[in-house]
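Single-structure report; data block below.
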Amino acid sequence: MHPQLQTLFETIEKQKQELLLQIDSLSPTQLQQHAPGQWSLGQVFAHLITSEKLSVQYLKKKYLGIEEQPRTGFIEELKMLTLVISQRLPFKFKAPKVVVDNTPAFADAVAIADAWAATRMEMKDLLSQFTADQLTRKVYKHPVAGKLNIKQALRFFQEHLIHHTPQIKRLLKQS
C-alpha cells in the first residue's frame, strides 16, 4: 500500500478500534435503546459502516477506469477544507437516502465489529492497488462536496468518525 494511504488507513483503523471498545460490553438492548427522534448506538454504528461500505463499492467501480478519471486540484482541496469544517461543527446533516435505505440493524457489538472488519478488509485490499500516480484521480463522490481523490476520501472517513464521536459519547452516557 502506498505510504500516504497506509498512514490514513491506520488512522481510521485506530479510530474504529477506539469506538468499538466503547460498546464492547453493551447488551443488544443497550445498543438499540434510543429516545424518540434520535438514533440508537447500534444505528450510529450501522450508519458509519454502511457509509464506508457503499463508498468502497463506488471506489471499486471507479478504480476500474481510474486512468480516465481527471485529477483533483486546488478546487477539491477547498472542498475538502469545507467538508472538514462542516464535520467538526455540531450540526446535524441528513444522511444520503442510499445510506439510510441500506443501513442494516446489527444484533450486537460482535456483529457490528465483524461487519466493520469485513468492510475495512475490502477497503484495505482496494487501497493496496493504488499507485502513486493514481492518488490524485477523482475516484470518490461525496454527496455534497462532489468528486474527490482517494486520500481525500480517507480524510473524509476520518472526519465522519470525528463528527459522530460526540453523538456516540452522549448515547453511551444515556445507556
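Throughout, read-outs are computed from the coordinates displayed, never taken from laboratory work. Remember, it's a predicted structure, so these values are computed and weren't measured experimentally. Using ideal geometry, Cβ is built from the backbone for each residue, glycine included, and neighbour counts are taken over all protein chains shown.
See the values below:
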item	result
Length released on extending from S175 to E67, taking residue separation times 0.36 nm less the Cα-Cα span	34.0 nm
Whole-angstrom gap from region 30-45 to region 57-92, using each part's C-alpha centre	29
Sequence-distant residues sharing a close amide H with L135 (under 5 Å, placed H)	none
Between 0 and 90°, nearest 10: helix 150-174 axis offset from the chain longest Cα axis	10
Using alpha-carbon coordinates, inclination of helix 109-127 to the longest axis of the chain, degrees	0
Rounded tilt (10° steps) of 74-88 against the dominant C-alpha axis of the chain	10
Fluctuation leader among Q152, Q43, Q129 - the chain, Gaussian network, Cα springs under 10 angstrom	Q129
Spin-label model distance (nm) - I162 vs Q38, 7 Å beyond Cα toward Cβ	2.4
GNM result for the chain, Cα springs below 10 Å: residue of I85, I49, I66 fluctuating most strongly	I85
Among K53, K138, K62: highest mean-square fluctuation, GNM of the chain, C-alpha pairs under 10 Å	K62
The chain, helix-only ellipticity at 222 nm - DSSP H runs n ≥ 4, -39,500 (n - 2.57), divided by all residues, nearest 500	-21500 deg cm²/dmol
Exposure proxy order (Cβ contacts within 10 Å, fewest to most) of V144, V139, V56	V144, V56, V139
Dipole magnitude of region 3-174 about its Cα centre (Cβ charges: Lys, Arg +1; Asp, Glu -1), debye to nearest 20	560
For Rg and Dmax of the Cα atoms in Å, calculated from these coordinates, the label among (i) 15.2, 44; (ii) 16.3, 49; (iii) 16.5, 52	(ii)
Chain lengthening between T11 and K97 when straightened (0.36 nm per residue, less Cα-Cα)	28.2 nm
